[in-house]
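Quick notes on the structure that follows.
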Amino acid sequence: MALRFEVLGRFNRARAAQLTLPHFACQTPLFMPVGTQGTIKGLTTDQLEEIGCQIILGNTYHLALRPTSELIDELGGLHKFMNWPRALLTDSGGFQMVSLLHLADITEKGVTFQNRIGADIIMALDDVVRTTITGPRIEEAMYRTLRWVDRCIAAHKRPHEQNLFGIVQGGLDPVLRDICVRGLVDRNLPGYAIGGLAGGEDKDSFWRVVAQCTAALPEDKPRYVMGVGYPLDIVVCSALGADMYDCVYPTRTARFGTALVPEGVLKLKHNAMVNDTRPIDPTCACMVCKNYTRAYIHCLVTKDAMGSQLLSYHNLYYMLQFPKGDVPEWVCNAMDVAGIDISSCCSS
């Protein structure tokens, strides 16, 4: 396998580790910004290195459409194509089958697997079903995901350069999740992801699925909770033993003029920002907060791309910080299972 995973520190279920990939040695827990077509909108790769980004996620579905995996391969792989020296992960395309379902006809033979893009981690295709759906479709998707991972293993042509991760499905059904975990672990993959969450389920159901899966997945391999990008969710999942996360939230919300701050969010489009000479977050050490005022960014967010660029920079930097504020009941329950006492923070 083209991967080494060493746990460096542990507190109950939470752990810090070094994940060594072909292009970079990463420190976990880590957050991966989403670069849909080989770019984080508005930011250069130098800026991403500056704020400590370790892995960028690329969308296989979109890259295959444009510029095409063939062209990327001809030009030396995605790392060279986008001038990114650190690690890359390409997703399964399963989420796009949900979000673009009106364009898709999902069958057993509906996918072609490619090895051309060249990411450090490649996700096996999974059959994704929204967590708000119930009934036999959940079980069908879970078993299909296991069948598809075998096809992915057979089609995996570069195991010494790329790491194929499997994805645990099963909706909110603990029995189906357990079957899927056991099936994937039996296949001895380099790493595992918990998929099918962040799709509208309540937070209490969300953390329970994460807790169940992380407890059953191998201790010596990375665990990736897909599509999770709210800071509080990341802290909770890390306490439960997860290592990796991704989400479009920090950059997408920036393009709508919203900054992430310890109190929650700050909407820079609001008229209250017109004369506000404070930084976005007085406690933040990022380049944006050191050099620009809320009033300046307010002038830009509705008229100039520079506004979303500055907010994207700040929001991604913020993802390295721990959130502050009131602790919801679901977090208290999750921390109890994780063996972390935050009772003094929880309302009685």
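Okay, here's what the table says:
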{"item": "Flag if C289 is open to solvent by 60 Å² or more (accessible area, probe 1.4 Å) and either assigned to a helix (DSSP H, G or I) or modelled with pLDDT of 95 or more (or both)", "result": "no"}
{"item": "Test: A259 is crowded, with 21+ Cβ neighbours inside 10 Å and either at pLDDT 95 or above or in contact with a helix residue (DSSP H, G or I) (Cβ under 6 Å, 6 or more places away or on another chain) (or both)", "result": "yes"}
{"item": "Residue that is at pLDDT 95 or above and open to solvent by 10 Å² or more (accessible area, probe 1.4 Å), where the choices are V168, V185", "result": "V185"}
{"item": "Members of segment 121-145 found to be of a type outside the set (S, T, N, Q) and within 28 Å of C26 (Cβ to Cβ), listed by number", "result": "I121, I122, M123, A124, L125, D126, V128"}
{"item": "Test result for I122, within 18 Å of V209 (Cβ to Cβ) and either under 20 Å from the mean Cα position of the chain (by Cα) or at pLDDT below 90 (or both)", "result": "no"}
{"item": "Output for segment 277-286, where each listed residue is open to solvent by 50 Å² or more (accessible area, probe 1.4 Å) and either modelled with pLDDT under 95 or under 22 Å from F31 (Cβ atoms) (or both)", "result": "T283, A285"}
{"item": "Matching option when the condition is part of a helix (DSSP H, G or I) and at pLDDT below 95, among I153, I179, I138", "result": "I153"}
{"item": "D46, sole failed condition from (1) at pLDDT 90 or above; (2) surrounded by fewer than 19 Cβ atoms within 10 Å (Cβ to Cβ); (3) among the charged types (D, E, K, R); (4) closer than 19 Å to R158 by Cα", "result": "(4)"}
{"item": "Qualifying positions in segment 126-159 - more than 21 Å from G200 (Cβ to Cβ), of a type in the set (A, V, I, L, M) and open to solvent by 10 Å² or more (accessible area, probe 1.4 Å)", "result": "L146, I153, A154, A155"}
{"item": "Lone unmet requirement of (1) part of a helix (DSSP H, G or I); (2) at pLDDT below 95 for S347", "result": "(1)"}
{"item": "Options T36, T28: the member that is surrounded by 20 or more Cβ atoms within 10 Å (Cβ to Cβ), over 15 Å from H79 (Cβ atoms) and among the polar types (S, T, N, Q)", "result": "T28"}
{"item": "Segment 125-164, residues that are under 19 Å from the mean Cα position of the chain (by Cα) and touching a residue at least 60 places away in the same chain (Cβ under 8 Å)", "result": "D126, V128, V129, R130, T131, Q162, N163"}
{"item": "From the options V301, V236, V274, residue that is surrounded by 23 or more Cβ atoms within 10 Å (Cβ to Cβ) and farther than 22 Å from I55 by Cα", "result": "V301"}
{"item": "Members of segment 224-248 found to be over 25 Å from G42 (Cα atoms), outside any loop (DSSP other than H, G, I, E, B) and not small (G, A, S), listed by number", "result": "Y224, V225, L232, D233, V235, V236, C237"}
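The values are calculated or read from the model by the stated rules, or taken from the named source; none is laboratory data. Because the structure is predicted, anything quoted here is derived from the model rather than measured. No Cβ is skipped: glycine too gets one built from the backbone with ideal geometry, and neighbour counts run over all protein chains shown. Only protein heavy atoms, including side chains, enter the accessible area calculation; ligands, DNA and RNA are left aside. Shrake-Rupley method; radii C 1.70, N 1.55, O 1.52, S 1.80 Å.
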